[in-house]
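Okay, so here's the structure we're looking at.
What follows is calculated from the coordinates using simple rules that are stated; it is not laboratory data. All values reported here derive from a predicted model rather than from experimental measurement. When we count neighbours, we look across all protein chains shown, and the Cβ atoms used for this are built from the backbone with ideal geometry, even at glycine.
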Amino acid sequence: MKKTWWKEAVVYQIYPRSFMDSNCDGIGDLKGITGRLDYLNYLGIDVIWLSPVYQSPNDDNGYDISDYQAIMHEFGTMEDFDELLEQAHKRGIRIVMDLVVNHTSDEHKWFMESRSSKDNAYRDYYIWREGKDADTPPNNWGSCFGGSAWQYDERTEMYYLHLFSKKQPDLNWDNPEVRKNIFAMMTWWCDKGIDGFRMDVISMISKTKEMPDGKLTDFYGDYGPYCVNGPNVHRYLQEMNEKVLSKYDIMTVGETPGVTTKLAKQYAGEDTNELNMVFQFELVDTPGKYGKWTDEKLPLTELKRIMTRWQTELYGQAWNSLFWDNHDQPRAVSRFGDDSKTHRETSAKMLATCLHMMQGTPYIYQGEELGMTNFPFKKPEDFRDIESINAYSEWCRSGKVSHDDFWPCLLLRSRDNARTPMQWDDTSQAGFTSGTPWIAVNPNYKEINAKKETANPDSVFHYYKKLIALRKQNPVIVYGKYELLLADSETLYVYTRTLEEEKLLVVCNFSDQETTFALPEEFAGCPCLISNKENDYGKANIMVKPYEAFVLKKN
């Protein structure tokens, strides 16, 4: 297995709008991030993944880009970005940009030209089709954000494809000019000195030429078989690697909805010349009651089955990315742990232990290192996320589902749970801004904040700090082979990691019940590397406390 810096790194994702506001307008910005670099350096992370900071009308909070080589006015200037990059590098922190090239904003100059006439030079930069008739889209596909995936444009009396918002038209990657322009833009950023790309829905850039109706799911047809892991996606990524990625010492991670372990070995294989690793969503996007929406927690046996398959089937062939949450997912401690006052800190540490001891590159989402929780939304008007707003309208206002049935699902799974402002201290607005924040601060900020946690050596923050340090000191955590124990247990997640003579035993209690664990003989008397509770790990039978986690090391 090849050793590289990005396999050994720990990544911290920043959602700029919600991280730190430096100019009192209620919106986080680049200067705010620069001002908090010492905090991140103290935590010990190696890489910042920066959610989009490009110019955007913000229909989808920056994932609708109108200019790839300009900075969003609300976030600052290109000079502010250059300063952030310079100051991060001074601290040994790399910057990975969010690359959103499945689609642009409908306000991008390419699309404004494309829609102007059928014979415009940019017409073929996007995917246009005739309707079935004057009032019917080309097919029945639904958008990820609700409604049809097709938008009628009166200027040329045709429809354009948008797998997300109607203000996010999909690019036509079959057009070599599109690829040429995208690769030139990527080269421009690499020459500026950035350290890599996280590639938004990159598994969706290649579509089939045939676009028939999809299988009906809830309201619309499924576009998946025609737009996900499409016919030319690997050829286009290999071309990207040849033209751009291979020329720089950078890190690449592809967001790949619909990926399997087999496909992941192609996208991120050791020798496939595409990407370094992929994000897979088999764990976090398990089907719910109403599409993705559910208020039910995943059984531990199913969680272990999914995690274990990715750990074992990619070992030695492709690289894993490890995450519990991000800007598109609810808070990890609320979803997979227990965010009650009794167990929040313990379960947050347990989740961190379980993930950071696995094989792959760990990703920490801002505030996860504090044990930040989901937000207690009270009414639909509290939401800012286009997906959440549209989902409530489609499911509830249509009369298909009652408010009382759907509301708990929205509370648990809404993306806005992750987007509330970072909780820095116990002053007004959690120290995020002295203005009015663009989305409300979680009311628990006086209890959960960075100032309080950095001052407390037993906090969730310091536990993450220790996990990051252990990863740098123990190659077995990075490169060791994974093996699951107790596959049928509904309370304990137990696995080992082995590298040559070193071996780790990782034990995590995912329940609020005490559970007896019979210690394997080979770990008798072995030292404890880290734990989130006080316990006697020398016993043959250990009473594992609620949400307890510990790691024993055998040399």
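Structure data summary
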{"quantity": "Exposure proxy ranking, count of Cβ atoms within 10 Å, fewest first, for R115, R305", "calculated": "R305, R115"}
{"quantity": "Whole-number percent relative contact order across the stretch 109-161, with pairs defined as alpha carbons under 8 Å at least 6 apart", "calculated": "32 percent"}
{"quantity": "Sequence-distant residues sharing a close amide H with L163 (under 5 Å, placed H)", "calculated": "D170"}
{"quantity": "Whether the stretch 396-500 is rounded, prolate or oblate, judged on the alpha carbon gyration tensor where a/c under 1.5 counts as rounded", "calculated": "oblate"}
{"quantity": "Of all DSSP beta bridges in the chain, antiparallel share, percent nearest 5", "calculated": "60 percent"}
{"quantity": "Least to most buried among R397, R198 (fewest other Cβ within 10 Å first)", "calculated": "R397, R198"}
{"quantity": "Coarse-grained scattering of the chain at q = 0.10, 0.11 Å⁻¹, given as base-10 log I(q)/I(0) from a Debye sum over alpha-carbon atoms", "calculated": "-0.84, -1.03"}
{"quantity": "Inter-centroid distance (Cα atoms) of the stretch 268-314 relative to the stretch 485-555, Å", "calculated": "24 Å"}
{"quantity": "From phi via Karplus (6.51, -1.76, 1.60), per-residue ³J(HN,Hα) for the stretch 188-205 in Hz, x at Gly/Pro", "calculated": "4, 5, 5, 5, 5, x, 5, 10, x, 9, 9, 9, 5, 5, 5, 6, 10, 6"}
{"quantity": "Along principal axes, Cα extents of the stretch 109-161, largest first, whole Å", "calculated": "29, 24, 14"}
{"quantity": "For the chain, calculated [θ]222 nm from helices alone, where every DSSP H run of n ≥ 4 adds -39500 (n - 2.57)", "calculated": "-7500 deg cm²/dmol"}
{"quantity": "Relative contact order [Cα under 8 Å, 6+ residues apart], the stretch 479-554, whole percent", "calculated": "31 percent"}
{"quantity": "In order through the stretch 24-34: 3J(HN,Hα) via Karplus (6.51 cos²θ - 1.76 cosθ + 1.60), integer Hz, x for Gly, Pro", "calculated": "6, 9, x, 10, x, 8, 5, 4, x, 5, 4"}
{"quantity": "Distance histogram for the stretch 479-554 (every C-alpha pair counted, 5 angstrom bins, percent rounded to whole numbers)", "calculated": "3, 16, 29, 28, 16, 6, 1, 0"}
{"quantity": "Amide proton proximity set for G131, modelled H, under 5 Å, gap of 5+", "calculated": "Y159"}
{"quantity": "Between the stretch 26-92 and the stretch 387-430, the Cα center-to-center distance that results, in Å", "calculated": "26 Å"}
{"quantity": "Whole-Hz ³J(HN,Hα) from phi, Karplus 6.51 cos²θ - 1.76 cosθ + 1.60, for the stretch 169-178, glycine and proline x", "calculated": "x, 6, 6, 9, 5, 6, 7, x, 5, 4"}
{"quantity": "Dipole in debye (nearest 20) - the chain, about Cα centre, beta carbon charges: Lys, Arg +1; Asp, Glu -1", "calculated": "1060 debye"}
{"quantity": "Relative contact order of the chain, defined on C-alpha pairs under 8 angstrom at six or more residues apart (%)", "calculated": "13 percent"}
{"quantity": "Prolate/oblate/rounded call for the stretch 266-387, Cα gyration tensor, a/c under 1.5 rounded", "calculated": "prolate"}
{"quantity": "Residue order, fewest to most surrounding Cβ atoms within 10 angstrom, among H108, H343, H73", "calculated": "H73, H343, H108"}
